[in-house]
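Trainee: Have a look at this one.
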Amino acid sequence: MRKLSTFHRPAASASAVLFTGGTIHTLEPGPAPQAVLAFGADVVAVGALDECRAAAAALGAEPEVVDLAGATLVPGFIDAHAHPLMLGQMMTWVDCGPARAGSIPEIVALLSEAAAGTPQGRPVRGFGYEHRNLAEGRHPTRHELDEVATDREVYLMNASGHGGVVNSFTLALHGVDRDTPDPQGGVFFRDADGELTGELSDAACNVLTGLHGVKIGHHGPNFHLADEPEEHLRQLAAAQERFLAGGVTTIGDAQVSRRELDMYLRLAADGGLHTRVSMYLLSHLLDDALEMGLHAAFGNDVLSFAGIKLYADGTLGGWTAYFPDGYVGDPCRTGQLYHQPEEYRALVRRAHLAGLQTATHAQSPTAIEMVVGAIEDAQGERPDSDARHRIEHCGLPTPEQIDRMAAAGIWPVNQPQHHYNWGEGVTAAVGTPGERFNPLGELAAAGVPVTISSDAPVADPLPMEAIQAAATRVTRRGVQLGPDSLALAPLEALRAHTINAAHAIGREDDLGSIAPGKRADFAVLSSDPLATHPREIAAIEVLQTWVGGVVRHTKESPQ
């Protein structure tokens, strides 16, 4: 993998900041240091307090001293798989998640309240429900959403982001009726009589994008709904603040279309991009990327292109991941593959031969098999010991597949908050095998490097919550999912959200740990996650977030 070259020399006028007075986890070999010295955007010294002061004097700088006052300094968290613009857009929609609605009537009431306050003709959009968590144990129907409005679009997105439910007006507006064929990579669901239920999944969501939205065909779920560019820009800026509040300093955007690229360029041009972003272009743009000569990571240390995002199947939470024999919870559902194996293998081959890292969404054993096999074939044609092809989510790999992933150098990027929020829903969907959902401990034991992330907005970008979920496997409802052997030790989980994540995006040379020559990206935590009971890690607060030696977030003190 050709890593991004981000070397730069600090400006002569750069200021120095000295961190001391607390616990410091560098995630580098050796004992914990007393102090860290940043000069400009970089770390220049780590060690004893006197050594760091001497380093500042050698630079001719009088450092600002940050007294940690017993807090804990860790590398800035890297969220290697997230969807920032989608998160920002969801922040303007109606939250219908489990904290606000436990039944379909409660969802309808929330959406109806929003509709009453929305100008005539404007769509009503909600998000966050997971049907197995509702009292009814099912998806709402279009008829129930018709109670919200019959004169405008109503769309309720599933928590997975891979579809949801629309009202009858929406279907009629876009010419979808009982005779409309399912698009490749998506489904318009029907009842036993063949009538549309209003539920749609994955590529079927293309109907929601309108004339000016992003069309991605069957290359992935389409959550690229159009707003005015100025609104998208505001949404992205708001989402960035949410990441910074969680201690996240670097984001891997795992589904970049022209919409996202345009917004990042605009935000950067305005000087408003305060997190680092590594972009993964959707696979329907692979031809465009190759035509432009993109054959390696490029960009600067704030905004860069990292690779190509592909989809193998759907989502476990939305029951669209591919199980050819049907779901235990509904044998009539099988989910789907986004590509036939031959087509997918050709896409991976083209990207690999061009030197591009791939990141493929795959959840079921069948989909993961397609991905592992395609990468093995590509590696057989052109061996590359450091290609770092990724499997996103990688929910239910078999033990045999895990061993092959280790041999092929494949990097899974998991989201333990998925099993924290919806673990019981997965076991209801696929049965006992669902208890292995996100088998992080098995991956680590096999020598597969583990990376954890949020998949925001599917889960909030809260690294402390993700680390707790990885270390305990206890769900939001208090149920432990599977045996202890599937969990990570807290130190492993911390590494998975920092230095391992840096490797996953090709940035380990300058991010992911605290060492001289790396960027001064830090999170200041109220307590030490390695000295806290694993079930209490999520309660640790992020006091400050530093990016490139600049404070980008400070927790407000209670009034």
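Trainee: Residue by residue through the range 123-148, note down the ones that are closer than 20 Å to ASP227 by Cβ, of a type outside the set (Val, Ile, Thr) and surrounded by 21 or more Cβ atoms within 10 Å (Cβ to Cβ).
Mentor: ARG125, GLY126, PHE127, GLY128 - these are the residues of the range 123-148 that are closer than 20 Å to ASP227 by Cβ, of a type outside the set (Val, Ile, Thr) and surrounded by 21 or more Cβ atoms within 10 Å (Cβ to Cβ).
Trainee: Checking ALA204 against (1) more than 21 Å from the chain's Cα centre (by Cα); (2) part of a loop (DSSP other than H, G, I, E, B); (3) of a type in the set (Gly, Ala, Ser), only one condition comes out false. Which one?
Mentor: (2)
Trainee: Restricting to the range 445-469, count the residues that are assigned to a helix (DSSP H, G or I) and surrounded by 24 or more Cβ atoms within 10 Å (Cβ to Cβ).
Mentor: Going through the range 445-469 one residue at a time, the tally reaches 6.
Trainee: Go through (1) outside any loop (DSSP other than H, G, I, E, B); (2) in contact with a His (Cβ under 8 Å, 6 or more places away or on another chain); (3) over 28 Å from GLU465 (Cβ atoms) one by one and return the number of the condition HIS339 breaks.
Mentor: Answer for HIS339: the failing condition is (1).
Trainee: Something else now. Determine, yes or no, whether THR92 is closer than 21 Å to SER257 by Cα and surrounded by fewer than 16 Cβ atoms within 10 Å (Cβ to Cβ).
Mentor: Yes.
Trainee: Check GLY271, GLY299 and return the single one that is touching a strand residue (DSSP E or B) at 6+ places or on another chain (Cβ under 7 Å) and on the phi > 0 side of the Ramachandran plot.
Mentor: GLY299
Trainee: OK, next. Test GLU424 against the stated conditions and say whether it is of a type outside the set (Val, Ile, Thr) and modelled with pLDDT under 95.
Mentor: yes
Trainee: Right, something else. In the range 522-552, which residues are of a type in the set (Val, Ile, Thr), under 23 Å from the mean Cα position of the chain (by Cα) and not in a strand (DSSP E or B)?
Mentor: ILE537, ILE540
Trainee: Being in contact (Cβ under 8 Å) with a residue 40 or more places away in the chain and either buried (at least 20 other Cβ atoms within 10 Å of the Cβ) or in contact with a Gly (Cβ under 7 Å, 6 or more places away or on another chain) (or both) is the filter; apply it to the range 367-385 and report the residue that is nearest to ARG507 (Cα to Cα).
Mentor: Per the stated criteria, the residue is VAL371.
Trainee: So, GLY482, is that one crowded, with 19+ Cβ neighbours inside 10 Å and within 28 Å of CYS332 (Cα to Cα) or not?
Mentor: Yes: the conditions hold for GLY482.
Trainee: Scan (1) in contact (Cβ under 8 Å) with a residue 40 or more places away in the chain; (2) part of a loop (DSSP other than H, G, I, E, B) for the single condition GLY478 breaks and write down its number.
Mentor: GLY478 satisfies all of (1) in contact (Cβ under 8 Å) with a residue 40 or more places away in the chain; (2) part of a loop (DSSP other than H, G, I, E, B) except (1).
Trainee: Shifting gears a bit: Checking ALA203 against (1) among the aliphatic types (A, V, I, L, M); (2) in the same structural domain as HIS143 (by TED's automatic domain parsing); (3) surrounded by 23 or more Cβ atoms within 10 Å (Cβ to Cβ); (4) at pLDDT 95 or above, which test does it fail?
Mentor: (4)
Trainee: Within the range 313-336, how many residues turn out to be more than 20 Å from GLY137 (Cβ to Cβ) and either modelled with pLDDT under 95 or more than 21 Å from the chain's Cα centre (by Cα) (or both)?
Mentor: Going through the range 313-336 one residue at a time, the tally reaches 3.
Trainee: Residues that are under 30 Å from LEU511 (Cβ atoms), of a type outside the set (A, V, I, L, M) and under 23 Å from the mean Cα position of the chain (by Cα), at least 2 per element: which strands (runs of 3 or more DSSP E) completely within the range 67-180 meet that?
Mentor: Fully inside the range 67-180 and qualifying: 77-82.
Trainee: Same structure again: Which one is farthest from GLY102 (Cα to Cα) among residues in the range 154-169 that are at pLDDT below 95 and not small (Gly, Ala, Ser)?
Mentor: Filtering the range 154-169 for residues that are at pLDDT below 95 and not small (Gly, Ala, Ser), the one farthest from GLY102 (Cα to Cα) comes out as HIS162.
Trainee: Scan the range 23-65 for residues that are free of Cβ contacts under 8 Å to residues at least 60 places away in the same chain and within 34 Å of the chain's Cα centre (by Cα) and report the count.
Mentor: Total meeting the criteria: 9.
Trainee: Would you check if ALA268 is surrounded by 21 or more Cβ atoms within 10 Å (Cβ to Cβ), out of contact with any Pro (no Cβ under 9 Å at 6 or more places or on another chain) and closer than 24 Å to ASP509 by Cα?
Mentor: no
Trainee: While we're looking at this one, here's another question. Residue by residue through the range 229-287, note down the ones that are within 30 Å of ALA539 (Cα to Cα), out of contact with any Leu (no Cβ under 7 Å at 6 or more places or on another chain) and assigned to a strand (DSSP E or B).
Mentor: VAL248, THR249, ILE251, GLY252, ASP253, ALA254, ARG276, SER278
The values are calculated or read from the model by the stated rules, or taken from the named source; none is laboratory data. Please read these numbers as outputs of a predicted model, since none were measured by experiment. As a convention, Cβ positions derive from the backbone with ideal geometry for all residues, glycine included, and neighbour counts pool all protein chains shown.
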